[in-house]
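Data block below; observations after.
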Amino acid sequence: VYFWQAFRNTLILSIIELFLNTGAAVIISLLLNEITNMIFKKTVQTIIYLPHFMSWVVASYFVFAFLSPDKGILNQIITHFGGQGIQWYSNPKYWPLILVIMNLWKTVGYSMVVYLASITGIDGSLYEAAVIDGATKFQQAKYITIPSIKPIVIMMFILNVGKIFYSDFGLFYQVTQGIPNSLYKVASTFDTYIYNALQTNVAIGKTAAAGFFQSIACCITILLANYIVSKIDSDSAII
């Protein structure tokens, strides 16, 4: 039962995070590329990228500051407007969204920088010709920017597909304050399952099998994703 809960949570949350991260990083990089004020552009870029360097231990304290049942910022706002405070760490229904948002907050900056670097490498004469032809900013992004960065987007997507059976241990364990029993059904993943199994009397063979299953499943998914891409666009495949 615990294994299949971990399997379900790992797969579903990883797929959601994969598509959200890719889409958000592309959109943010496109928007940042249109900013002409370099000081403002660098400031926004730094703010978005900064969480990538922050450990989940530190991030978990920020989350607790917002979600603390007694003095949490969100509960104070809710009670200020006449509502009743929420026991966040005892209500599993909120945590899939919280975990997805936290993962996006911490990881989108890295992908954004990669895509933004690719955009800056695009030949400027293409945009100059598009402006002469009367192309709008949206048309320039649609017909020049996106096709130009498509190979790097696909490459990043394939590599990230190969990690969908792995979860960020710090995200699921630290942010949830050690995955209390009330959150186990929605926050347990392969990595937390293996960690908890090593702390108990579970046979070492079962934890080794779970880790081996992760490796095999990730290998299969990355090869399958690459195969599908090669059939659609052979030039974008990485193998």
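The values are calculated or read from the model by the stated rules, or taken from the named source; none is laboratory data. None of these values were measured; they are calculated from a predicted model. Neighbour counts run over all protein chains shown; Cβ positions are idealised from the backbone, glycine included. Protein only, heavy atoms only, side chains kept; ligands, DNA and RNA dropped before computing areas. Shrake-Rupley method; radii C 1.70, N 1.55, O 1.52, S 1.80 Å.
Table for the structure above
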read-out: Within region 14-38, considering residues that are in a helix (DSSP H, G or I) and open to solvent by 50 Å² or more (accessible area, probe 1.4 Å), the one nearest to I220 (Cα to Cα); value: I15
read-out: Qualifying residue in region 124-142 (condition: in contact (Cβ under 8 Å) with a residue 40 or more places away in the chain, touching a helix residue (DSSP H, G or I) at 6+ places or on another chain (Cβ under 8 Å) and closer than 27 Å to G23 by Cβ); value: yes
read-out: Some residue of region 50-58 being β-branched (V, I, T), within 30 Å of I194 (Cα to Cα) and in a helix (DSSP H, G or I); value: yes
read-out: Matching option when the condition is touching a helix residue (DSSP H, G or I) at 6+ places or on another chain (Cβ under 7 Å) and not acidic (D, E), among I47, I35; value: I35
read-out: Complete set of residues in region 80-90 that are surrounded by 12 or more Cβ atoms within 10 Å (Cβ to Cβ), part of a helix (DSSP H, G or I) and free of Cβ contacts under 8 Å to residues at least 60 places away in the same chain; value: W88
read-out: Residue list for region 92-122, restricted to those being of a type outside the set (V, I, T) and not in a helix (DSSP H, G or I); value: G121
read-out: Test: residue in region 123-136 that is touching a Phe, Trp or Tyr at 6+ places or on another chain (Cβ under 7 Å) and part of a helix (DSSP H, G or I); value: no
read-out: Residue satisfying condition, being among the charged types (D, E, K, R) and open to solvent by less than 40 Å² (accessible area, probe 1.4 Å), within set K93, K41, K71; value: K41
read-out: Selection status of L11, open to solvent by 70 Å² or more (accessible area, probe 1.4 Å) and either under 20 Å from I101 (Cβ atoms) or of a type in the set (S, T, N, Q) (or both); value: no
read-out: Single residue of I119, I73 found to be among the aliphatic types (A, V, I, L, M) and more than 23 Å from L159 (Cα to Cα); value: I73
